[in-house]
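Reviewing the structure listed below.
Nothing in this text is a laboratory measurement; each read-out follows from the coordinates by a stated rule. Because the structure is predicted, anything quoted here is derived from the model rather than measured. Ideal geometry is used to build each Cβ from the backbone, glycine not excepted, and the neighbour counts take in all protein chains shown.
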Amino acid sequence: MFAFIQKHLLTIIGITIGAVAGYVYWRNTGCSSGTCIITSKPVHVTLYGALMGGLIFSMFTNKKIKPDDNDKHN
């Protein structure tokens, strides 16, 4: 479990920051009329923020590519 958290720490941080930012956006701006699909309910905007935060922060992870035996160039 610790290895998984250590490997995906930056993505987990992005999900957390995105979720908090989504909720803060709903709390401060939101959609007062209730006709907006994403921003009308706090759960929707929090999940959307978590998704976007996770995607953005996962771009900055270092992925080590191991050469495969089938990909040898002659």
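If you fit an axis through the alpha-carbon atoms of helix 42-58 and take the longest principal axis of the Cα set of the chain, what angle between them do you get, 0 to 90°, nearest 10?
Between helix and principal axis, roughly 30 degrees.
Normalised by the empirical 2.2 N^0.38 Å for globular proteins, what value does the Cα Rg of the chain take?
Numbers: Rg = 18.1 Å, N = 74, 2.2 N^0.38 = 11.3 Å.
The value comes to 1.61.
Output ³J(HN,Hα) for region 25-36: one whole-Hz value per residue in order, computed from phi by the Karplus curve 6.51 cos²θ - 1.76 cosθ + 1.60 with θ = phi - 60°, and x for Gly and Pro.
So the J values, rounded to whole Hz, are 4, 4, 5, 8, 10, x, 10, 6, 7, x, 8, 7.
For the chain, modelled as a GNM with alpha-carbon contacts under 10 angstrom, which of I12, I37, I56 fluctuates the most?
Fluctuation is largest for I37.
Can you count the Lys pairs in the chain whose Cα atoms are under 29 Å apart, with each pair 8 or more apart or on different chains? Can you show the working numbers first?
Working: K7/K63; K7/K64; K7/K66; K7/K72; K63/K72; K64/K72.
Final tally of qualifying lysine pairs is 6.
Which order, highest average first, do 26-32, 2-8 follow once you tally other Cβ atoms within 10 Å for each residue and take the mean per peptide? Could you put the intermediate results ahead of the total?
Values: 26-32: 12.6, 2-8: 9.4.
Output ranking for 26-32, 2-8: 26-32, 2-8.
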